[in-house]
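This report concerns only the one structure given below.
The values are calculated or read from the model by the stated rules, or taken from the named source; none is laboratory data. A quick note: this is a predicted structure, and the numbers were derived from the prediction, not measured. As a convention, Cβ positions derive from the backbone with ideal geometry for all residues, glycine included, and neighbour counts pool all protein chains shown. Please note that ligands, DNA and RNA were not included when accessible areas were found on the heavy atoms of the full protein model with its side chains. Shrake-Rupley method; radii C 1.70, N 1.55, O 1.52, S 1.80 Å.
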Amino acid sequence: MSFEEHPERGQQRRRHGVDNNRGRNGKKKKRGRSFLALFLTVFLLGGLAGGAYLGYDKVRDLLVTPDYVSAATSAEVEVTIKEGSAGLDMAKALKAQDVIKSEQAFVEAYENNPSAKKIQPGLYKLRVQISAADAITMLLDTENRLVNGILIAEGLSTFKIYKVLSGKLGIPEAEFKAAAKDPIALGVPAWWFKREDGKKESRSIEGFLFPDTYEFPKNVTAKSALSMMVERFMKVTGDMGYADAAAKLNISPYQALIVASLAQAEAGNADDLGKVARVSYNRVFSDKAVAEIGTCRCLQFDVTVNYSREMAGKKAVHSSD
């Protein structure tokens with residue numbers, strides 16, 4: 001039975017303050033609940049907005065490439081840019097010395113600066129914590145390049161090269177001679193000396209010290225200096241396929257190198273290089289030539305005689321003397 005059927009019951013409940021639509025304080029329940037819902041909604045939306053802002057802030061930091069804003073700092077470091085370095089290689093060297101803040105910043109600046117490809121290998125003095133763009137500017141400025149160039153001319157024997165390096169670097173010649181005893185340790189692959197005829201190998205650094213202008217770091221040692229020269233030699237001969245050409249002659253690359261060195265020393269001009277090389281091969285490998293000369297497969301060149309004299313510390317002589 002409803003309250004409509006018994007109105008007196010409804011009147012009794014209202015007299016005792018029990019109204020279904022009101023609380024004990026007399027305010028309607030619906031209005032209180034609406035205010036609480038509004039408060040919670042505003043609070044929730046505010047939290048979401050704050051979280052979204054913080055999330056955006058973090059994403060923005062991830063999207064922006066980290067880079068220093070060059071400050072007026074006087075701190076400097078020395079950085080070596082190696083031969084053949086690309087933009088990323090330079091970036092790694094600079095980041096390791098805290099010159100730049102990130103490798104990516106330098107790579108981007110390198111790609112946006114057409115002159116960046118003109119950066120030369122060598123030792124540089126640079127400020128620390130500078131922008132990537134400023135780092136490129138400093139690398140392009142020759143005033144920041146610490147030049148220690150040493151020219152190794154063509155045609156020099158290892159003994160003459162040791163003397164030049166010793167005078168320029170202040171390292172005793174004895175240290176170069178000691179380091180040269182193991183060509184493998186200096187970077188010459190062992191297979192360069194492997195003979196196809198099964199005879200005993202002879203190993204020497206002679207011929208592997210590539211003639212060029214070198215910029216050695218300040219802390220260079222005899223071994224590291226010779227290693228740099230060997231590395232240059234291996235790159236040049238590798239690009240030209242020198243070892244593959246020697247294989248076609250059925251001789252080791254080192255044997256071919258000896259003949260090439262003899263031809264360079266004996267030939268009067270470029271046209272004679274091939275002639276001298278053929279004479280060398282015939283005297284050593286041709287049975288007919290051996291029969292004519294005798295039992296000795298001898299080269300009998302001035303350069304070979306004088307090299308042995310140089311090894312013994314004697315003065316060079318000429319066959320006409």
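Listed by position, the helices (runs of 4 or more DSSP H) inside region 223-292 whose residues that are modelled with pLDDT of 80 or more and surrounded by 12 or more Cβ atoms within 10 Å (Cβ to Cβ) number at least 2 are 242-248, 253-266.
Candidates are the residues of region 116-139 that are open to solvent by 20 Å² or more (accessible area, probe 1.4 Å) and touching a helix residue (DSSP H, G or I) at 6+ places or on another chain (Cβ under 6 Å); the one that is farthest from Ser74 (Cα to Cα) is Ala133.
Scanning region 146-166 for residues that are open to solvent by less than 70 Å² (accessible area, probe 1.4 Å) and over 21 Å from Leu257 (Cα atoms), we see that the one that is modelled with the lowest pLDDT is Asn148. Lys181 meets all of the listed conditions (1) without any contact (Cβ under 8 Å) to a residue 40 or more places away in the chain; (2) surrounded by 19 or more Cβ atoms within 10 Å (Cβ to Cβ) but one, namely (2). Restricting attention to region 198-212 and to residues that are farther than 13 Å from Val230 by Cα and touching a helix residue (DSSP H, G or I) at 6+ places or on another chain (Cβ under 9 Å), the residue that is surrounded by the most Cβ atoms within 10 Å (Cβ to Cβ) turns out to be Arg203.
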